[in-house]
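Encoded as structure tokens, the structure appears first; notes follow it.
Please treat every number below as a calculation from the coordinates, not as lab data. Note that this is a predicted model, so its numbers are computed, not measured. A quick note on method: Cβ atoms are made from the backbone with ideal geometry, for glycine too, and the neighbour counts reach across all protein chains shown.
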Ligand SMILES: NC(=O)C1=CN([C@@H]2O[C@H](COP(=O)(O)OP(=O)(O)OC[C@H]3O[C@@H](n4cnc5c(N)ncnc54)[C@H](O)[C@@H]3O)[C@@H](O)[C@H]2O)C=CC1
Ligand SMILES: O=C(O)CCC(=O)C(=O)O
């Protein structure tokens, strides 16, 4: 039987544990999700028929605080994927020292095939089904692949009608008009951007370097904009349908207009832009590769084709453990997902804090706090990696596991569970 995604992810935990003196109880606690709830959501379609969709919410570990993590709408979503994403959230929140545990949710659906009204009914049905698990002190969702602020707004509204009071801190990534935070829209990319800029000298990249980006949604498109603004050259971009490349670079404005109007493929043939099979982005000649779509993009069979010297993982889990070893042996530096894409959950935390205090920060304050956190945790992880001669990923896991172990031990033997 082939290893599940969670089995693969747990190898990082075993690896990190070798670098710390841990009570075996700590590992036992972190190897299994605390609770995963599944249901079928039944909604009315516009034509009057009914249709049902599998849905899950996993609260992987709440030792350090309420569970936190996005909700994904994707036709290939599985329970294994949801639990693995929730495991990664547990470590990501610990990496950033946020007072949260890790959670994640998904609906197995292709939202592009639903009308707006059907999508709203599905989003509200999700909140109805999981409102007993979700709550501002218990489990706090946010956007992920193919979900967005509008969907978070419908879910927040549904939660308010279920509990009979406005409760904006129940969900983050909301529209600004409903208590969303300034700066949450581009926070995932901006966090990775601040991290990359902070480490440019050590990584040997900077303005003028060539970048390839897989995925042109929230994370990928904002990263393209931020890097292009300071002079990085975007030489390749792909989405689920198409890929484009140009050694001279493609201006960000042209990419965003094409994506909005006629699709990335509409750029092919003008100004030296060529077509790219989306999966071939892995081997594009570039300095920085930014996976910003789904898991397992780089695996043992294509790792040798990577030409970039730095990979910034805005996606969760884009590199398999086997590929990680191959890349590290070749001297490719990976800024790992649990650090590089943590800007999203960090600004989600800022949103939750603002909702709870009822006082809102300026976008400049958000950026300043995000930058300070990314730089401090990124620097600590880089130092740990060079002291121990381990990869940035291993160092990030060691960094997080130390914090998780301390919290697990501090709880004592009769840990309070929020069930
Ligand atoms: N939105 C957020 O706040 C955060 C997102 N992430 C991660 O970032 C990644 C992307 O998420 P978002 O940008 O939010 O999603 P999104 O839904 O905004 O965009 C996803 C993009 O991936 C593309 N895509 C899907 N399958 C693809 C394939 N096989 N090849 C190339 N492109 C493909 C889609 O066309 C789309 O452009 C995911 O791994 C997500 O978990 C991580 C942290 C926070
Ligand atoms: O903003 C959040 O709470 C979580 C975002 C997320 O799902 C992720 O970091 O993978």
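Here are some notes:
- The chain: most fluctuating residue of 236, 142, 129 per GNM, C-alpha cutoff 10 Å: 129
- Ranked list, fewest to most other Cβ atoms within 10 Å of each Cβ, for 261, 185, 7: 261, 7, 185
- Ascending count of other beta-carbon atoms within 10 Å, so fewest first, for 93, 58: 58, 93
- Amide N of region 117-137 lying under 12 Å from the label point, which is placed 7 angstrom from the Cα of residue 162 along Cα→Cβ: 123-136
- A quarter of the convex hull surface defined by the alpha-carbon atoms of region 101-171 gives 4.6 nm² as the mean projection.
- By the helix-only formula, in which each DSSP H run with n ≥ 4 contributes -39500 (n - 2.57) and the sum is divided by residues, the chain has a 222 nm mean residue ellipticity of -13500 deg cm²/dmol.
- Computed P(r) (all Cα pairs; the chain; 10 Å bins; percent): 5, 23, 33, 27, 11, 2, 0
- Centroid-to-centroid separation of region 70-97 and region 226-287 [C-alpha atoms, Å]: 28 Å
- Overall form of region 266-419 per C-alpha gyration tensor (a/c, 1.5; a/b vs b/c): oblate
- In a fully extended conformation the segment linking residue 116 and residue 410 would gain 101.2 nm over its present Cα-Cα distance, using 0.36 nm per residue.
- Region 257-326: radius of gyration and largest Cα-Cα distance (Dmax), Å: 13.7, 40
- FRET efficiency, 1/(1 + (r/R0)^6) with R0 51 Å, evaluated for residue 47 and residue 379 via beta carbons: 0.35
- Radius of gyration (Cα atoms) of region 187-340, expressed as a multiple of 2.2 N^0.38 Å: 0.94.
- Most fluctuating residue given options 174, 29, 92, as computed from a GNM of the chain linking Cα atoms under 10 Å: 29
- In this structure, residue 200 and residue 300 have a Cβ-Cβ separation that, at R0 = 41 Å, corresponds to a calculated FRET efficiency of about 0.85.
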